[in-house]
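Student: One structure coming up, written as structure tokens, with questions to follow.
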Amino acid sequence: MTQTTEIVFMWVTVSLYALASALFIIGFVFRKERVSSVALAVTVVGLVPHLAAIAGRWVRVGHGPFIGFYEVVSSYAFVGVVAFCLLLWRYRSLRATGIVLMPLAFLAVGGAMLAPKSELQVTATLASYWLAVHVAFAKLSYGSFITAFGLAVIHIIRDRRPDGPMAARLAKLPPQDVIDDLTFKFVAAGFIFLGVMIAAGAIWANEAWGRYWGWDPIETWSLISWLCYAVVLHLRLTMGWKGSRFSWAAIAALPVMLFAAVGVAVVYNTIHGAYLTGY
Amino acid sequence: MKAAARVYTLLRSRRLAVWLIIAFIVYAALATTLSGDDYSRPYGSSVFIALAALLGASTAACAWERTRAAVRMRGRQGVTQGAVRRLREHPRAVIDVQVGVEDVPVRVSKALRSLHLRVQRYGEVIDARSGIGATIGSPLFHCSLALLFVVIALGQLTRTEGLMGVVAGGAKPDIRESYGVLEAGPLAGELSGRIIAVPRIERSFVANGVQQGVTPYVEIRSPDGAVLASGYAYANHPVRYRSMLVHANDHGLAAVVSVVSPGGSLEQEVLLDYTASGSQVTPNGFAVTGPSGETLATVLLDLPESGDASGSVPSVRVRANSGASSPSQHASIEAVVQQGDSVDLGQGLVLTVGQLTTYARLSVVDDGSVYYIYALFAIAVAGLSIALLSPPREARVLLVGEGTPRLHVDVRHSRGDPHFPARVVEALERAAGAKEDA
């Protein structure tokens, strides 16, 4: 696939995600079930050119979507939308989460399209089996935490004003205890995935540099993210935090994780900066 | 003894565990932000070590508590009279039995087994619990974490890491004197004494389609010369033997020189680091001593200011002073010498540049804790996955009523999963004939 074809596919994806976002919002605001169903269908259709663009580039440049803002953010959006569709496959009534997740996916892919699309090659340091493991689990963990965040927001909205207009629009979602349990499960899964991501990175660092841990800012902030979610799980499992208190904890932890993923490379002088900013 | 008990009670506190993790988070965030570019420095401070030790002790206490709780849970046999009374008087669910009463125990047992529960009958109560795997998750995770603290600490205390320059075709023993830079933990013993050899250095090496640049071929040999491990050392591909890892850190230019004096001759390898500010694996100079140990001359070699030792006419700058005075600031003798040429250092000393070649700067790490850390982390992740995704579950069923038999059901899920009671009740309704099979 040529780069021109890839870019055409990506713009089709951006358009479909924008349309899906608009339809999810219209369906939510005007309580039109049918419009929400169409929005979901448009989302699934949007995954096709998105997958084609990622796969085509992968084959052409010879490596996965690991390097540079365009590749990294586009692939995060892809994994997020796939996770969203899988969630809806199991819990159809969670369609209302599309009003948050699809605009985010649209903004991510649209933002990626504005970034340079240089075809950076894998350097000798990056050429490792552990890179794939590290990145795959990073995407899984971030996807899980973002989903947990969305569920926690829904729980809070319904809990604060059970009779309010927003709660009425979210009435078709599963009961609060199920939302609460799902939030916990996504936090738990993300915690495991993040642990594996950190371990894979440590093994990779040992292979590359002879040390598994060097307190580089992104290593430290990944550990901080993991510990923040450890606190969230501790609060739930050993101190009995449930419902809104747990939801607030899950919401509070996400900015830390996002900072570790995106902010550290901008704020600190780190050897990991290249993955996001290119090199 | 009372004091020890109080300390243990404090350490096992769940609240303390949470606050210690928060303290660790705050310390790490501040340390990384305020430490400038030397990010690892704050983690050698006594405050951090004390905090980590406290967190480790808290984790160990939690691990012990959870292990005891798991053992208690596994050892629990039978159903107490109180539990039977609660089941009779305050069941979580009541299901009408629509099948023959004599079939109920078998059908209920089968239904509970279909939920991956182990079923036992205690008198009139059918008790079903998750298997042993569900109870070991949390203890396994916390024990592994506690051991990780110990193993990581031991690793830091005993590991050695250093930079060693080895000229192409040369070898050096793994002893302290061979390293230009060596960091050794306070409990690190003698180095291995193995020989690190570099038989050749490739100018351009491609592995798996990726250009690796200048790449040394490294051999790790036993002290008696037997090759223990060998291979090209490049990024993500160290040469390893047991806990020893040899990475190619960099490369540079080296000179093999000889100095002939009236008393004999000396051959010396000098590594010519190509940046003045770069870390040198060994000083790029040497002293020539006389028969009684007095310093006859001090010699410094580096690259000419305009020139290239690897160019068409390889050359090196020689600076020297008689006696022990360093020639780095002021040299009484300074000359640019080509490969094979000599320079007179005075006092009957003649320096000959025998060969200008390449050396590999090797990072040699010996850390026996690494594989144990990997294994413990894998166990911890397995334990965590079990603890979070397959926690202890229990269901109890009591058949009551003569004329209109009913099942009294109690369900417990240690994580409070709202789906589990519904799944149990649904399975039991099918077993009791109160609900049609799907």
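What follows draws every value from the coordinates through simple rules; no lab data is involved. Quantities reported herein were computed from a predicted structural model and do not represent experimental measurements. Glycine gets a Cβ as well: all are built from the backbone with ideal geometry, and neighbour counts include every protein chain shown.
Student: Can you compute the label reach from B:F48? Point 7 Å from Cα along the Cβ direction, backbone N cut-off under 12 Å, restricted to segment B:142-186.
Tutor: Inside the label zone: nothing.
Student: With unit charges on the beta carbon (Lys/Arg positive, Asp/Glu negative), name the residue among A:Q121, A:S244, A:H63 whose Cα is farthest towards the positive pole of the charge dipole of chain A.
Tutor: Among A:Q121, A:S244, A:H63, the one farthest towards the positive end of the dipole of chain A is A:S244.
Student: Quantify how much of the Cα-Cα distance distribution of chain B extends past 35 Å, in percent.
Tutor: Values: 54969 of 95703 pairs.
Taking all Cα-Cα pairs of chain B, the fraction more than 35 Å apart is 57 percent.
Student: I've got another one for you. On the first, second and third principal axes, largest extent first, how far apart are the outermost C-alpha atoms of segment A:1-118 in Å?
Tutor: Answer, in whole Å and largest first: 44, 25, 20 Å.
Student: Here is a further query. With all pairs of different alpha carbon atoms counted, what Kirkwood hydrodynamic radius in Å does segment B:201-250 show? Walk me through the intermediate numbers first.
Tutor: Details: mean 1/r = 0.0877 Å⁻¹.
Every distinct Cα pair counted, the radius reaches 11.4 Å.
Student: Note the direction-averaged projected area, equal to a quarter of the hull surface, for the Cα convex hull of segment A:123-271, in nm². If you can, show how the numbers build up before the last one.
Tutor: Working: hull surface 40.1 nm².
Seen from a random direction, the Cα hull of segment A:123-271 projects 10.0 nm² on average.
Student: Next question. Show which lysines lie in cross-link reach of A:K32 when reach means a straight Cα distance below 27 angstrom and same-chain residues fewer than eight apart are skipped.
Tutor: A:K172
Student: Right, something else. May I ask you to compute the full-extension gain from A:A168 to A:S93, defined as 0.36 nm times their residue separation minus their alpha-carbon distance, rounded to one decimal in nm?
Tutor: Details: separation 75, 0.36 × 75 = 27.00 nm, distance 1.37 nm.
Going from the current span to full extension adds 25.6 nm.
Student: Counting other Cβ atoms within 10 Å, keep those with at most 12, restrict to DSSP loop, and tell me which trypsin sites (Lys or Arg not before Pro) in segment A:143-213 are left.
Tutor: Working: sites: A:R158, A:R160, A:R169, A:K172, A:K185, A:R211; in loops: A:K172, A:R211.
Nothing satisfies the criteria.
Student: Give the residue from B:M164, B:A57, B:L187 lying farthest towards the positive end of the charge dipole for chain B; charges sit on Cβ (+1 for Lys and Arg, -1 for Asp and Glu) and the dipole is referred to the Cα centre.
Tutor: Result: B:A57, furthest along the dipole toward the positive end.
Student: How much length is gained if the chain between B:Q77 and B:E202 is pulled fully straight, taking 0.36 nm per residue apart and subtracting their Cα-Cα distance, in nm to one decimal?
Tutor: Numbers: separation 125, 0.36 × 125 = 45.00 nm, distance 6.92 nm.
Gain on extension, B:Q77 to B:E202, equals 38.1 nm.
Student: Which three lengths, in whole Å and largest first, does chain A cover when its Cα atoms are put on their principal axes?
Tutor: Principal axes ranked by extent give 58, 49, 29 Å for the Cα atoms.
Student: Taking 7 Å along the Cα-to-C-beta vector as the label spot, tell me the B:A4-B:V181 distance in nanometres, rounded to one decimal.
Tutor: Roughly 4.5 nm, to one decimal.
Student: Also: Expressed as a rounded percentage, what relative contact order does segment A:1-129 have, with Cα pairs under 8 Å and six or more residues apart? The partial results should precede the final answer.
Tutor: Values: 141 pairs, mean separation 41.3, N = 129.
For segment A:1-129, the relative contact order is 32 percent.
Student: Hey, how much of the P(r) for segment B:19-170 falls beyond 25 Å, as a percent of Cα pairs?
Tutor: Distances greater than 25 Å cover 59 percent of the Cα pairs.
Student: List the lysines whose alpha-carbon lies under 23 Å from that of B:K110, not counting same-chain residues fewer than 8 positions away?
Tutor: The reachable lysines, counting only those whose Cα sits under 23 Å from B:K110, are B:K435.
Student: Report, in degrees rounded to the nearest 10, the 0 to 90 angle that the Cα long axis of helix B:46-75 makes with the longest principal axis of chain B.
Tutor: Relative to chain B, helix B:46-75 is tipped by roughly 30 degrees.
Student: What does the convex hull of the Cα atoms of segment B:160-366 come to per residue, in Å³, rounded to a whole number? Each step should come with its number before you reach the end.
Tutor: On the way: hull volume 30.6 nm³, N = 207.
Taking only Cα atoms, segment B:160-366 has a hull volume of 148 Å³ per residue.
Student: How high is the relative contact order of chain B, in percent, with contacts defined as C-alpha pairs under 8 Å that are six or more residues apart?
Tutor: Numbers: 840 pairs, mean separation 87.8, N = 438.
Averaging sequence separation for qualifying contacts and normalising by length gives 20 percent for chain B.
Student: Considering Cα pairs under 8 angstrom that are at least six residues apart, work out the relative contact order of segment B:160-286 and quote it in whole percent. Mind dumping the intermediate values first?
Tutor: Numbers: 243 pairs, mean separation 23.8, N = 127.
Rounded, it is 19 percent for segment B:160-286.
Student: If each of B:S230 and A:Y129 carries a label point 7 Å out from its Cα toward its Cβ, how far apart are those two points in nm?
Tutor: Computed distance between label sites B:S230 and A:Y129 equals 2.4 nm.
Student: Which lysines have a Cα less than 23 Å from the Cα of A:K139, not counting those fewer than 8 places away in the same chain?
Tutor: The qualifying lysines are A:K117, A:K185.
Student: Spelling out what I want: for every residue of segment B:9-18, take phi, set θ = phi - 60°, compute 6.51 cos²θ - 1.76 cosθ + 1.60 (Karplus), and round to whole Hz; glycine and proline get x.
Tutor: With coefficients 6.51, -1.76 and 1.60, one gets 4, 5, 5, 7, 5, 5, 5, 4, 4, 5 Hz.
Student: Along its three principal axes, how long is the protein assembly as shown when you only count alpha carbons? Whole Å, largest extent first please.
Tutor: 120, 71, 43
Student: Please sort by residue number the trypsin sites (Lys or Arg not before Pro) in segment A:1-66 whose DSSP state is loop and whose Cβ has at most 16 other Cβ atoms within 10 Å. Working shown, then result.
Tutor: Working: sites: A:R31, A:K32, A:R34, A:R57, A:R60; in loops: A:R31, A:K32.
For trypsin sites (Lys or Arg not before Pro) across segment A:1-66 that sit outside H, G, I, E and B with at most 16 neighbouring Cβ atoms in 10 Å, the list reads A:R31, A:K32.
Student: Another question about this same structure. What does the structure give for A:235-243 when I average, per residue, the other chain Cβ atoms found within 10 Å of the residue Cβ? Don't jump to the answer; show the numbers that get you there.
Tutor: Details: counts 2, 2, 8, 7, 4, 1, 0, 1, 0.
Taking all residues of A:235-243 together, the mean is 3.
Student: Send over the Kirkwood Rh of segment A:73-203, from the inverse of the averaged 1/r over different Cα pairs, rounded to one decimal Å. Show your work: numbers first, answer last.
Tutor: On the way: mean 1/r = 0.0610 Å⁻¹.
16.4 Å is the Kirkwood radius here.
Student: If you keep only loop residues by DSSP, which GluC sites (Glu not before Pro) in segment B:355-438 have at most 10 other Cβ atoms within 10 Å of their Cβ?
Tutor: Sparse-neighbourhood loop GluC sites (Glu not before Pro): B:E402, B:E436.
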